[in-house]
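What follows is one structure encoded as structure tokens, with my remarks underneath.
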Amino acid sequence: MLADKLRSLPDLPGVYHYFDANGRLLYIGKAKSLKKRVRSYFRFDEDRLIPAPGLSSRIQKMVMEVADLTTIIVGSEHDALILENSLIKQLKPKYNILLRDDKTYPYIYCDMSEPYPRFEITRRVVKGGNIRYYGPFTSGAKEILQTIYERFPLVQKKSCLKGKKRCLFFQIGRCLGPCEEGVSTQEYSKLVQQAEELINSPARLREAVTEMMMRLASEERYEEAAIMRDRLKTLENISIQSTLDLANTDNFDLIAVEADEVRVCIVRLFYRHGKLVSSAHHFAQARHGVELDEVYRHALLGYYTQDTPLTHGKIYLAHKIADMDEIAQIISQHCGRSVKLLMPKVGEKRKLADLAITNALELLRVQAALKASEEKNATKLAELLGVDGAIERIEVFDNSHISGNVPVGSMIVWEGEFRKEEYRHYNLTHSDEVSQMREMLTRRIERFATNPPPDLWLLDGGAVALQIAKELLDSAGVYIAIAAIAKEKDQGRAKRAKGKAQDLLYTLSGSIKLPPSDPRLQLLQRLRDEAHRFALSYHRHQRTKQALQSSILQAHGIGPAIQKKLLSYFGGFEAIRHASIEELRQIFGEKRGTAIFEALQTLDEK
């Protein structure tokens, strides 16, 4: 009984889970004292529990639904914060805000311990004692790097110094030839310093690209000039424009959160050397209201992880939040440096915080207008499928193969629009479609901890695919709405004749036949077709790659019959190339196994 559990709560730090009468997870929270925190939600009114006074409307509504709770005791409030953040991502409770955009943005880095260092792109911390980072860059990192290497005669490729011989880049004036000691380390370091200054100045970068574009156009090299034009547009693609450059050379991030009735907008500004180098924004669903403290907390713990190359120790927040010291301590441990969370009250930083808030509010307004029609269809789809609230994120799965050969899968993502940066390919091992779907969904579930589940899974298939998804999700203890779409069947065969190829929608409640003009069906068909296109294109790519690899093996005396046996044992051409002589002798015998190993060694030397 819930009342008995409330009376027996320990006065210890931990994480609590609220469930409704049907056992569905409603909310996950953390507490310094489970006894004090959990009891603060409730009041005893004679023999029944009611919401405590002073709660927000969102929390009041949640408390009215609570029928059961469980707790996890941990060692400290610090541990509770970390565990809460992880569990929310994995289990997706109804009343928690779920933030999906917690990726690390690309940085440009340079290993200064090298005699002739190069600039490269990374999304993670790079091992080394003298690594210098620039960024992050929410867009344009590749274009910045291209500009640097076209403007300065640095070592152009990783392999250049290994060659010990001047190459084409030296001949066309794009490299000074350090491979043959054509330049001293002191002279080369001056070029690196000049490149650093350009990376750190967005305005100078744009000027450099504009100059290159105008020069190419004057030389009537119009195709190359068009490339520079497109590059310039990318470098100008900073979502928030600010004319406020600081008088000092401060390095810091600034985060602002705002919300309307249905969504949250999070804005991030990245200032380096007193200048805005890039910015980012993203949205999260707020179906049942929002508490800014919760959004800030999970955004910060999601953004700043062990993989984040944090180059400074200051993060400004547009609002004051609870647990700032504890969150700063966790981030400091993750990033390996002392980090402070600050809320500016006056001065230039306050102006920047107000700018970020203004932009967040405007982005919310624009987003609401742009997604009106999509949300209308998604809401109707949610009603059709019995989903609580609007469907904001859909993941669609499809697979592709030829008679079980070269099986691949695809996952595409829709959030009012296709999110192509989140598309994923899967190289599968099974030859039948049922096992392929099971393998693909299992691998997706394994990623829930780092990439949380969506509102809806759409599968290309019928009732069998639907049942597989349900079994896997039930086993993982995760609730996601599921639907499948497939051609209507006549005597076990899909109707594919012109005018008869109607799609059926399969749900856990049964199949639904919608008219072709229904916008909900049209939306699902569009998503299914995009997933099929993505899977098919990758399948063609993999077939071409395997055909090339097969022809290379055949040219070295390894024929189709042996290849088939090798593929059956190792699973792929890459594994074949790295097979040990012991494994090959075990499969083919000592003489033939040795011959195949020697052929593969010859192949690697080419």
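The values are calculated or read from the model by the stated rules, or taken from the named source; none is laboratory data. From a predicted model like this one, the values you see are computed outputs, not experimental measurements. Using ideal geometry, Cβ is built from the backbone for each residue, glycine included, and neighbour counts are taken over all protein chains shown. Heads up: the accessible areas ignore ligands, DNA and RNA and are worked out on the full protein's heavy atoms, side chains in. Shrake-Rupley method; radii C 1.70, N 1.55, O 1.52, S 1.80 Å.
How do HIS281, HIS532, HIS578, HIS17 rank by accessible surface area computed with a 1.4 Å probe, from largest to smallest?
HIS578, HIS532, HIS281, HIS17
Extension gain for GLU362 to LEU161 (0.36 nm times residue separation, less C-alpha to C-alpha distance): 67.4 nm. Classified by the C-alpha gyration tensor, the stretch 107-177 has an oblate form. Its axis ratio a/c, with a ≥ b ≥ c, is 1.5 or above, and a/b does not exceed b/c. Between LEU342 and ARG43, the contour length at 0.36 nm per residue exceeds the alpha carbon distance by 104.1 nm. Semi-axes of the equivalent ellipsoid of the stretch 367-465 are 28, 14, 12 Å, computed as sqrt(5λ) over the eigenvalues of the C-alpha gyration tensor in descending order. In order along the stretch 419-427, phi translates into HN-Hα couplings of 9, 5, 5, 9, 4, 9, 9, 10, 8 Hz, rounded to whole numbers, per the Karplus curve 6.51 cos²θ - 1.76 cosθ + 1.60 with θ = phi - 60° and x for Gly and Pro. Computed on protein heavy atoms with a 1.4 Å probe, the accessible areas place MET62, MET112 in the order MET112, MET62, largest first. Dipole magnitude for the stretch 1-82: about 220 debye, using +1 per Lys or Arg Cβ and -1 per Asp or Glu Cβ, origin at the Cα centre.
Please work out the FRET efficiency for the pair HIS319 and THR234, using the Cβ-Cβ distance as r and a Förster radius of 25 Å; give the result to the nearest 0.05. My answer for the efficiency is 0.20.
Using bins of 5 Å that start at zero, the share of Cα-Cα pairs per bin across the stretch 141-207 amounts to 4, 17, 27, 23, 16, 9, 3, 0, in whole %.
Extending 7 Å from Cα along the Cβ direction at SER580 and again at ILE121 yields two label points whose distance is 3.8 nm. Between LEU504 and ALA486, LYS487, GLU488, the built amide H atoms are under 5 Å apart, and every one of these is 5 or more places off in sequence or on another chain.
How would the stretch 296-419 be classified by its alpha-carbon gyration tensor: rounded, prolate or oblate, with rounded meaning a/c under 1.5 and the a/b versus b/c comparison settling the rest? In terms of gyration-tensor shape, oblate. Cβ-Cβ distance of GLU374 and GLN467, R₀ of 35 Å, FRET efficiency by 1/(1 + (r/R0)^6): the value works out to about 0.75.
Ranked by solvent-accessible area (1.4 Å probe, protein heavy atoms only, all chains present), the residues LYS5, LYS420 order from largest to smallest as LYS420, LYS5.
Shape verdict for the stretch 1-118, please, from the Cα gyration tensor: rounded (a/c under 1.5), prolate (a/b greater than b/c) or oblate.
Values: a/c = 3.45, a/b = 2.45, b/c = 1.41.
Judged from the Cα gyration tensor, the stretch 1-118 comes out prolate (a/c at least 1.5, a/b above b/c).
Short-range pairs are left out: with C-alpha atoms under 8 Å and at least six residues apart, the relative contact order of the chain is 9 percent. The Rg/Rh ratio for the stretch 351-394 is 1.21, where Rg is the radius of gyration of the alpha carbons and Rh is the Kirkwood radius. Available extension along the chain between ARG447 and SER435 is 2.4 nm, counting 0.36 nm per residue and deducting the alpha carbon span.
With 10 Å bins beginning at zero, the pair-distance distribution over Cα atoms of the stretch 73-229 amounts to 9, 28, 27, 16, 11, 8, 1, 0 %.
Across the stretch 248-261, rounded Karplus estimates of 3J(HN,Hα) from the backbone phi angles (6.51 cos²θ - 1.76 cosθ + 1.60, θ = phi - 60°) give 9, 10, 5, 10, 6, 10, 10, 10, 10, 10, 9, 8, 10, 5 Hz, Gly and Pro being marked x. The helix-based estimate of mean residue ellipticity at 222 nm for the chain, built from -39,500 (n - 2.57) per DSSP H run of four or more residues and divided by its residue count, is -14000 deg cm²/dmol to the nearest 500. Between ARG215 and GLU181, the distance separating the two model label sites (each 7 Å from Cα on the Cα→Cβ line) works out to 3.2 nm. For ARG263, the residues whose modelled amide H falls within less than 5 Å of its own, excluding neighbours fewer than 5 places apart on the same chain, are ALA286.
Computed over the alpha-carbon pairs of the chain, the distance histogram in 20 Å steps reads 15, 41, 36, 8, 0 percent, short to long. All distinct Cα pairs of the stretch 199-334 go into the 1/r average, and the inverse of that average, the Kirkwood radius, is 17.4 Å. The amide H of HIS282, built 1.01 Å from its N in the peptide plane, has ILE266 as neighbours under 5 Å, considering only residues 5 or more places off or on other chains.
Give me the percent of Cα-Cα pairs in the stretch 315-377 that sit more than 13 Å apart, rounded to a whole number. Let's see the in-between values first.
Numbers: 1381 of 1953 pairs.
Percentage above 13 Å: 71.
How much FRET efficiency would the formula 1/(1 + (r/R0)^6) give for ARG58 and HIS425, where r is the Cβ-Cβ distance and R0 is 41 Å, rounded to 0.05?
The calculated FRET efficiency here is 0.60.
Just list whichever of LYS32/LYS314; LYS142/LYS162; LYS127/LYS165; LYS233/LYS349; LYS127/LYS158; LYS142/LYS340 have alpha carbons separated by over 21 Å in the model shown. The pairs that break the limit, which is 21 Å between Cα atoms, are LYS32/LYS314; LYS142/LYS162; LYS127/LYS165; LYS233/LYS349; LYS142/LYS340.
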